[in-house]
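What follows draws every value from the coordinates through simple rules; no lab data is involved. Keep in mind that this is a model prediction, so the values were computed, not measured. Ideal geometry is used to build each Cβ from the backbone, glycine not excepted, and the neighbour counts take in all protein chains shown.
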């Protein structure tokens with residue numbers, strides 16, 4: 001009974017029930033068209049599966065953090081003056097919402113992104129880590145511009161960066177074991 005209660009009222013399920021899935025369709029269609037008509041042709045000769053899974057990881061991060069993007073274009077730049085939080089881990093310290101769960105989700109979100117970036121493009125540890133941090137910063141800066149409910153949060157940047165660091169480290173471990 002207790003498990004059922006916890007699952008019914010978990011943060012993820014509550015957020016999932018609020019989502020308007022129709023609003024995500026244009027973003028998914030655009031990502032599919034970009035892959036089908038542009039990227040697939042370029043990647044077909046050089047590790048197509050690695051490129052596909054990296055692109056899938058990129059799309060997943062984008063959809064989780066920025067979508068519905070196309071649906072929100074008419075609402076760009078509404079209310080951006082009050083949508084930034086530069087106090088790290090303030091939610092965790094004050095117990096707002098589900099901060100620990102959000103931190104863990106942000107870390108997990110960027111692990112496959114950084115791992116697949118290194119695997120697919122053979123980038124160095126620090127290049128992949130820097131690109132993960134840059135991607136996180138771009139996401140966080142863009143969020144309040146495209147949605148009235150999204151916030152640019154320094155905690156998300158830190159946890160995303162930590163996830164990128166773990167992903168880069170896991171690839172280093174994989175590469176060491178695989179090529180030993």
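So how many Å³ per residue does the convex hull of the Cα atoms of the range 104-146 work out to?
With only Cα atoms used, the range 104-146 gives 73 Å³ per residue.
For residue 92 and residue 41, what is the calculated FRET efficiency with R₀ set at 45 Å and r taken between the beta-carbons, to the nearest 0.05? All intermediate terms of the calculation are to be shown ahead of the outcome.
Numbers: r = 45 Å, r/R0 = 1.00.
E(calc), rounded to 0.05, equals 0.50.
Just order 147-159, 122-134, 93-105 by mean Cβ neighbour count inside 10 Å, highest at the front, would you?
Going by the mean number of other Cβ atoms within 10 Å, highest first, we get 147-159, 122-134, 93-105.
When the chain is fully extended, how far beyond the present Cα-Cα distance does residue 29 get from residue 58, taking 0.36 nm per residue of separation?
Stretched out fully, the residue 29 to residue 58 stretch lengthens by 9.0 nm.
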